[in-house]
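Remarks on the structure that follows.
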Amino acid sequence: MDPKLERILLNVQKPARYTGGEYNAIIKDKKDVDTRFAFCFPDTYEIGMSNLGMRILYGVMNGMDGVWCERCFAPWGDMEEEMRKAELPLWALESGDPIGTFDFIGFSLGYEMAYTNVLNMLDLAHVPLRAGQRGENDPIVVAGGTCAYNGEPLADFIDIFSLGEGEDVTVEMIELYRTCRKQGLGRREYLRRAAQIPGLYVPSLYKVTYNEDGTIAAITPEEGVPAVVTKRIVQDLDKSYYPVKTIIPSTEIVHDRVMLEVFRGCIRGCRFCQAGYCYRPVRPKSPEVLIRQGIESCRESGYQEMTLSSLSTSDYRPLEQLCDGLLDYCESRNINLSVPSLRADNFSMALQQRLQKARKSSITFAPEAGTQRLRDTINKNVTEAELLQSCRTVFEGGGNAVKLYFMLGLPTETDEDVAGIADLAQKVYLCWKEHASHKARGVRITVSTSFFVPKPFTPFQWESQITMEEYRRRVNLLRSKITNKSIIYNWHDPDTSYIEAVLARGDRRVGKALEEVWRRGGRMDAWSEYFDFQRWMDSFAAAGIDPDFYALRERSYEEVLPWSMISVGVRQSYLWRERQQAYKSVITPDCRVQCMGCGANKLVCDGQCDALLPISARNKQ
Amino acid sequence: MAKMHQHRIRYEKTGRGIYISHLDTMAMFQRAFLRAGIDIWQTEGFNRHTYVSIALPLSLGCSSLCEVLEFDLESEIALDQVPEKLNAVLPEGIRVLECYESVSQFKLLRTLDWTITMEYDNGIPAALDESFRAMLAQESYVVRKKSNKSKKGFTEVDIIPMVFSWEMKPEGETTVNLSCNLAAQNPSLNPQVLMDAFTQFAPACKPDFIRYCRKEIYLENGEKFR
């Protein structure tokens, strides 16, 4: 261990975040390594280690001969202070080596508010902040994850964006790098060639010009560079790498359990949901494969908790078969299986009862909107009757807590919709009064509202966000409507969501403001103890950026959006049609009822979206 | 807990392992037993979990060659196979030395041997040994010690009766090893409290960095605790 690090570790909280050495962390002999990759997560260890994507790519890269992928997380403020004092550059957990000397630095971008950490980590690594300032000896800085679909605010700082699922493209990107190095080709030539790999977007090869009104005039690729970069997907999830043998942190993390991903994509098409469109098409894993991987993961990890993960687990067709298979193993070993993301509409009572052996006193729903009209508008096809039926089941079973999540500021929302949230909560209360098996304990109904942020690649990508004042007014309206003492109302502050809205649909000019925020001390902005709204507003002003232009402005269909050169497989015309349906409050059936032709099925090699089984499993039958 | 559980392991905590906290160490062992396929007793009741108990909590950042963890084996396994099985699934810095049937109750544990390594970047102070001797020659030396139980946030303890023996040996130009035997429980003297007291007593002897390592644990009669 670096003696400088040893001397500061005990001055900071939770030093185990910074030391590595966990069970299953990969240590390679540097003699056998020619390419080193620092997988950076721009948030704390506890958050980053809970990310399944990071664990997958860590395993994929370390499965390559001669490649060593190591981890790196954003230091908390106390550690950053000590590092800067001791002049200790950011290190990788496995080797303890400074990551500024690595071949690649890769960031996982899951949340816009982590962008300042990206800049801060580059600075702590002593890597030039801007891609244009980096030389032949500097690492190639890459970024992937959900935010990479519109990474434009970071375009000046990132060499390559990797779009979509990284299992295959990461390997191709690294292999090209090794080839180029062997041939003595430099950084610029590597980037040009990388841009030819499907799914890799090299922002420096695209020129953005602007109209006088500030909108984008054109996004022009350099000659020979693809005009549109389409995201990558894994074709066969049964055959793709799943980290059965994965790092077991020696300190508690947020999701400290086995995470079993049952399928990717979502059939639902909720119109506000970025993941619902970006992760298309739906591709399941076979229950046999999942049961085997789940059992092996428990054995390998020693975890006594397992959770199924997906965007909407009740839509996994063989869910019962899967749960039966897993429970056969889990029940006798006191392993707790949890199945979140179950929908209120096809809430399986038998399954829930089997899962909830102990303490299932609370249930969480996200109706998102208070009235059926608005739920139809956003295509969240949950009816009040279904929700109340599910609540009744919980109350009859002795449960006494319900959490309800909503968004305020959804397109077309009226005061009636806001009041509808209070009405719905009251109906849940009345349902409890009528059906509770243990009334003496009382009931706790928690209503939470967040502030809607329009996101790229959704039907609402052209929408304006409502103003913060208007959001606060709606919060106060809702507060005034909730009079029942058993109903608790929590609401998010709008400040963060407003900044999130600017960054989510920002163009590359926003990068200047981002750098300014960081220079003024901004980091860990996803954490309320660090987030400083005024610092963001001052920085926008200093950079000559009008944040309202990005957050509040409604775009036309003709406008060139900053992410126009990216494709997630879903056609723009489809999203626009969905937007029109939203305004008519017309629901779109889920993909199983009827294929609406969004275009994402073209990403699958045989064109079969949401097939019953992955390709390899189908061929076997 | 009144019941004495039947089996123990003695293990080392060194290197990167010293930054794993007491609670995290217990959770880590609970999982490690399951990973190793060693069937151990689980607590009864609502939230069943594998039962492990550590004899004396070790402060974060201290290393140790003599940690003792107690549990109950549920199925037959040769005790001499346990270290190997566990060591294959433990994080860096944690190494099981032996597994055996419990001998003495935890409460009989009385003293601990520590090695305290003091680093002086600008050379060892000439008066170091003498100052330490002078501190311990006092009739009593009451210092404040952080306490979560006390309303004031600290308690006062006299450290003199809790230092049973000590010896200082320089190692090279900048390092001194202080070997000492200290009270382990009821009451206990944390070596960090001892060193805080010393640097208060002799500020000129304040080291630039201190390492702590537990070496051995003993019963009242001076026999090794097992």
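The values are calculated or read from the model by the stated rules, or taken from the named source; none is laboratory data. Values in this document were obtained by computation on a predicted structure and should not be read as measured data. Glycine gets a Cβ as well: all are built from the backbone with ideal geometry, and neighbour counts include every protein chain shown. Heavy atoms of the whole protein, side chains included, go into the accessibility calculation; ligands, DNA and RNA do not. Shrake-Rupley method; radii C 1.70, N 1.55, O 1.52, S 1.80 Å.
For the range A:445-464, the condition holds for no residue, the condition being that it is touching a Pro at 6+ places or on another chain (Cβ under 6 Å), at pLDDT below 95 and among the hydrophobic types (A, V, I, L, M, F, W, C). Residue A:576 satisfies every condition listed in (1) closer than 15 Å to residue A:271 by Cα; (2) assigned to a loop (DSSP other than H, G, I, E, B) except (2). Answer with yes or no whether residue A:229 is more than 14 Å from chain B (Cβ to nearest Cβ), modelled with pLDDT of 95 or more, over 30 Å from residue A:381 (Cα atoms) and crowded, with 22+ Cβ neighbours inside 10 Å. Spelling it out, residue A:229 is indeed more than 14 Å from chain B (Cβ to nearest Cβ), modelled with pLDDT of 95 or more, over 30 Å from residue A:381 (Cα atoms) and crowded, with 22+ Cβ neighbours inside 10 Å. Selection of the range A:291-315 for residues being open to solvent by 10 Å² or more (accessible area, probe 1.4 Å), in contact with a strand residue (DSSP E or B) (Cβ under 6 Å, 6 or more places away or on another chain) and farther than 19 Å from residue A:273 by Cα yields A:303, A:305, A:307. Every condition in (1) in a strand (DSSP E or B); (2) basic (Lys, Arg); (3) open to solvent by 30 Å² or more (accessible area, probe 1.4 Å) is met by residue B:214 except one, and the failing one is (3). Within the range A:102-116, the set of residues being buried (at least 21 other Cβ atoms within 10 Å of the Cβ) and of a type in the set (D, E, K, R) comprises just one member, A:112. Pairs linking a residue in the range A:289-300 that is within 13 Å of another protein chain (Cβ to nearest Cβ) to a residue that is aromatic (Phe, Trp, Tyr) and surrounded by fewer than 20 Cβ atoms within 10 Å (Cβ to Cβ), with Cβ atoms under 7 Å and 6 or more positions apart or on different chains, are A:295/A:329. From the residues in the range B:20-41 that are under 21 Å from residue B:59 (Cα atoms) and not in a helix (DSSP H, G or I), which one is nearest to the other protein chains (Cβ to nearest Cβ)? Only one residue fits best here, namely B:20.
Kindly establish whether residue B:179 is closer than 17 Å to residue B:200 by Cα, in the same structural domain as residue B:198 (by TED's automatic domain parsing) and modelled with pLDDT of 95 or more.
Working: closer than 17 Å to residue B:200 by Cα: no; in the same structural domain as residue B:198 (by TED's automatic domain parsing): yes; modelled with pLDDT of 95 or more: yes.
Against the criterion (closer than 17 Å to residue B:200 by Cα, in the same structural domain as residue B:198 (by TED's automatic domain parsing) and modelled with pLDDT of 95 or more), residue B:179 does not qualify.
Assess whether residue B:167 counts as being open to solvent by 60 Å² or more (accessible area, probe 1.4 Å) and either more than 20 Å from the chain's Cα centre (by Cα) or small (Gly, Ala, Ser) (or both). No. Can you tell me which residue is most open to solvent (accessible area, probe 1.4 Å) among those in the range A:145-189 that are of a type in the set (Phe, Trp, Tyr) and part of a helix (DSSP H, G or I)? Residue satisfying both the conditions and the ranking: A:177.
Considering the range A:316-339, and only residues there that are surrounded by 22 or more Cβ atoms within 10 Å (Cβ to Cβ) and assigned to a helix (DSSP H, G or I), the residue that is farthest from the other protein chains (Cβ to nearest Cβ) turns out to be A:322.
The set of residues in the range A:3-20 being open to solvent by less than 30 Å² (accessible area, probe 1.4 Å) and facing chain B (nearest Cβ under 7 Å) consists of A:9, A:15, A:16, A:19, A:20.
Screening residue A:61 with (1) open to solvent by less than 10 Å² (accessible area, probe 1.4 Å); (2) in contact (Cβ under 8 Å) with a residue 40 or more places away in the chain; (3) within 14 Å of chain B (Cβ to nearest Cβ); (4) not acidic (Asp, Glu) gives one miss only, at (3). Looking across A:375, A:359, one residue alone is at pLDDT 85 or above and either outside any strand (DSSP E or B) or within 22 Å of residue A:445 (Cα to Cα) (or both). It is A:375. Pairs meeting the criteria (first residue in the range A:263-280 and among the aliphatic types (A, V, I, L, M), second residue open to solvent by less than 10 Å² (accessible area, probe 1.4 Å) and in a loop (DSSP other than H, G, I, E, B), beta carbons under 8 Å, at least 6 apart or on different chains) are A:267/A:282; A:267/A:312. Scanning for something of a type in the set (S, T, N, Q) and not assigned by TED's automatic domain parsing to the domain that holds residue A:325, does the range A:263-276 turn up at least one residue? So far as the range A:263-276 goes, no, none of its residues is of a type in the set (S, T, N, Q) and not assigned by TED's automatic domain parsing to the domain that holds residue A:325.
Filter the range A:378-432 down to the residues that are on the phi > 0 side of the Ramachandran plot and open to solvent by less than 20 Å² (accessible area, probe 1.4 Å) and list them by number. Give the derivation first.
From the range A:378-432, those on the phi > 0 side of the Ramachandran plot are A:379, A:398, A:409, A:412; that's our starting set.
Listed by number, the residues that qualify are A:379, A:398, A:409.
Considering only residues that are assigned to a loop (DSSP other than H, G, I, E, B) and within 13 Å of another protein chain (Cβ to nearest Cβ), which ones fall in the range B:45-67?
Once the filter is applied, which keeps residues that are assigned to a loop (DSSP other than H, G, I, E, B) and within 13 Å of another protein chain (Cβ to nearest Cβ), the range B:45-67 yields B:45, B:46, B:47, B:48, B:49, B:51, B:52, B:59, B:60, B:61, B:62.
Residues in the range B:68-122 that are among the aliphatic types (A, V, I, L, M), part of a strand (DSSP E or B) and open to solvent by less than 20 Å² (accessible area, probe 1.4 Å): B:68, B:69, B:94, B:96, B:109, B:112, B:116, B:118.
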